[in-house]
Amino acid sequence: MKKAWTLLLAGMLMLTACSSNSSNQEGSSNAGGSDTGAAAKEISIWAWDPSFNIAALEIAKAAYADDNPDAKINVIEYAQNDVIQKMNTGLNSGTTKGLPNIVLIEDYRAQSFLQAYPDMFVDLSTHINAGDFAEYKIGPTSHDGKQYGVPFDSGVTGLYVRTDYLEQAGYTLEDLQDITWNEYIEIGKAVKEKTGKNMISLDPNDLGILRMMAQSAGSWVLKEDGTTPNLADNAALKEAFEVYKAMMENNIVRMHSDWSQFVAGFNSGEVASVPTGNWITPSIKAEASQAGKWAIAPLPVLANQPDSVHASNLGGSSWYVLNVPGSETAADFLAKTFGSDVEMYQKLLTDIGALGTLKEAAAGTAYEKSDEFFSGQNIVADFAKWTEQIPNVNYGMHTYAIEDILIVEMQNYLNGKDLDKALADAQAQAEAQLK
């Protein structure tokens, strides 16, 4: 009797082990996106920002439901930092339990996930056509010849400017159509003299403006491999440092330390221009009393960089499918919504101001509308045109880590340190830190 019970128990343990192994394989293999799970029609999505990304998902859900009424899509809101932490924790654990089917990842951070965990993301090369999207979005969303991300919003930049302040200083919007950053500083000096207003607001702990300048010249803080620091001999970065210091020395900068102070600067009328991503538009329009006083010009170029163009990027995110049960439904959802639905993109733009990077969408009616706040300027058409001109660079794995180093060296440079020495020291520190 005892022997029979032992054999029965051993058999039960073997069945349990086989069942566990089968379940684990279902959740962690199938890099091509094939589903074997029973819950294929129910998927979950992680994203942040209820007024933008979450709102976009709700529009996409409604569009997808027209032809896929049985699909259940659960949208889960987390702060961006929480998404990053939960993703790292889950992926490092070696199990897919608790991970979503789709996750939104900022473009600057995408390669750190794709290169570290390539088997955990579904290759979407057969679900979308990468060529349908703005070229600059393909660098951060692909790896090793495979397209893992569905590009979403554009962080295309522009130079938001107070036309009334310009006019008081003797300039018009036309004078800003093809200028360098050096010319921008000269205009800023005239504006300061005539109006008492600073030309720009900067946060010393955020060098996003250097990222804009560098990318406009087709350069980045990492080399094309996405891992090697590119600081000491980076001509575009060096000139960006020089421009930044010139702004400071010519006293055209208002300093701020957080987002609320940044927005307050231009909403209060204390700042004459805002060179940044198009996502700032709602914040500028929030001060209704300034309607008709703003316009948007192309971004200035770096004077000594022949490849510098009047277009760049700041921010932006894309969608990724994780290799867990339900991946086929997840890939299908993205392919039929953010990957191709031109009409949906018109609604995204009209309802929440989301400027996508699907090229065909730019031909839609929503992109033809003028904006009375900007004196009838068709800012969306301008941004769409500039999006096509943004140089494609590899953001790599360490953009923010290197920026932390550059923030310190920028202050050293402003305090008198030789620029070549500052960048050489930054290069050495980055190489040591990122080994």
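Key figures
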item: Residues of region 109-134 satisfying the condition of being more than 27 Å from K385 (Cβ to Cβ), open to solvent by 30 Å² or more (accessible area, probe 1.4 Å) and in a loop (DSSP other than H, G, I, E, B); result: Y117, D123, S125, T126, H127
item: Verdict on N323 being over 20 Å from the mean Cα position of the chain (by Cα), open to solvent by less than 40 Å² (accessible area, probe 1.4 Å) and not β-branched (V, I, T); result: yes
item: Verdict on L91 being touching a residue at least 60 places away in the same chain (Cβ under 8 Å) and either crowded, with 23+ Cβ neighbours inside 10 Å or not small (G, A, S) (or both); result: no
item: Residue check for N182: open to solvent by 30 Å² or more (accessible area, probe 1.4 Å), touching a helix residue (DSSP H, G or I) at 6+ places or on another chain (Cβ under 9 Å) and in contact (Cβ under 8 Å) with a residue 24 or more places away in the chain; result: yes
item: Any chance F333 is open to solvent by 10 Å² or more (accessible area, probe 1.4 Å), aromatic (F, W, Y) and over 19 Å from the mean Cα position of the chain (by Cα); result: no
item: Unmet requirement for A381, which otherwise passes all of (1) touching a residue at least 40 places away in the same chain (Cβ under 8 Å); (2) open to solvent by less than 60 Å² (accessible area, probe 1.4 Å); result: (1)
item: Filtered residue count, region 166-189, keeping only those that are at negative phi and not in a helix (DSSP H, G or I); result: 7
item: Flag for V122 being at pLDDT 95 or above, within 20 Å of Y345 (Cβ to Cβ) and β-branched (V, I, T); result: no
item: Every residue from region 355-369 that is crowded, with 21+ Cβ neighbours inside 10 Å and outside any helix (DSSP H, G or I); result: L355, G356, T357, L358
item: Some residue of region 365-372 being farther than 30 Å from A291 by Cβ and out of contact with any strand residue (DSSP E or B) (no Cβ under 8 Å at 6 or more places or on another chain); result: no
item: Residues of region 386-422 classified as of a type in the set (K, R) and open to solvent by 60 Å² or more (accessible area, probe 1.4 Å), total; result: 1
item: Residue in region 192-207 that is over 26 Å from L114 (Cα atoms), in contact with a Lys or Arg (Cβ under 7 Å, 6 or more places away or on another chain), open to solvent by 40 Å² or more (accessible area, probe 1.4 Å) and polar (S, T, N, Q) present; result: no
item: Pick from region 139-165, criterion out of contact with any Ser or Thr (no Cβ under 8 Å at 6 or more places or on another chain), open to solvent by less than 50 Å² (accessible area, probe 1.4 Å) and not in a strand (DSSP E or B), ranking: farthest from W386 (Cα to Cα); result: D164
item: Qualifying residue in region 424-433 (condition: farther than 18 Å from S216 by Cβ, of a type outside the set (G, A, S) and surrounded by fewer than 16 Cβ atoms within 10 Å (Cβ to Cβ)); result: yes
item: Of the criteria (1) within 30 Å of S375 (Cβ to Cβ); (2) under 12 Å from the mean Cα position of the chain (by Cα), which one L159 fails; result: (2)
item: Enumeration of residues in region 247-258 that are aliphatic (A, V, I, L, M) and surrounded by fewer than 17 Cβ atoms within 10 Å (Cβ to Cβ); result: M248, M255
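A quick yes/no check of all residues on (1) part of a loop (DSSP other than H, G, I, E, B); (2) without any contact (Cβ under 8 Å) to a residue 12 or more places away in the chain; (3) open to solvent by 20 Å² or more (accessible area, probe 1.4 Å):
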{"site": "P275", "(1), (2), (3)": "no, no, no"}
{"site": "W279", "(1), (2), (3)": "no, no, yes"}
{"site": "G292", "(1), (2), (3)": "yes, no, yes"}
{"site": "Q305", "(1), (2), (3)": "yes, no, yes"}
{"site": "W319", "(1), (2), (3)": "no, no, no"}
{"site": "E328", "(1), (2), (3)": "no, no, yes"}
{"site": "K347", "(1), (2), (3)": "no, no, yes"}
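Listed here are the residues, each with its yes/no results for (1) in contact (Cβ under 8 Å) with a residue 24 or more places away in the chain; (2) part of a helix (DSSP H, G or I); (3) crowded, with 18+ Cβ neighbours inside 10 Å; (4) in contact with a helix residue (DSSP H, G or I) (Cβ under 6 Å, 6 or more places away or on another chain).
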site	(1), (2), (3), (4)
S44	yes, no, yes, no
P50	yes, no, no, no
A62	no, yes, no, no
N74	yes, no, no, no
V83	yes, yes, yes, no
M87	yes, yes, yes, no
L99	yes, no, yes, yes
V103	yes, no, yes, no
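The values are calculated or read from the model by the stated rules, or taken from the named source; none is laboratory data. Computed from a predicted model, the values in this text were never measured in an experiment. Cβ: placed from backbone, ideal geometry, glycine included. Neighbour counts: every protein chain shown. Ligands, DNA and RNA are excluded from the accessible area calculation, which covers all protein heavy atoms including side chains. Shrake-Rupley method; radii C 1.70, N 1.55, O 1.52, S 1.80 Å.
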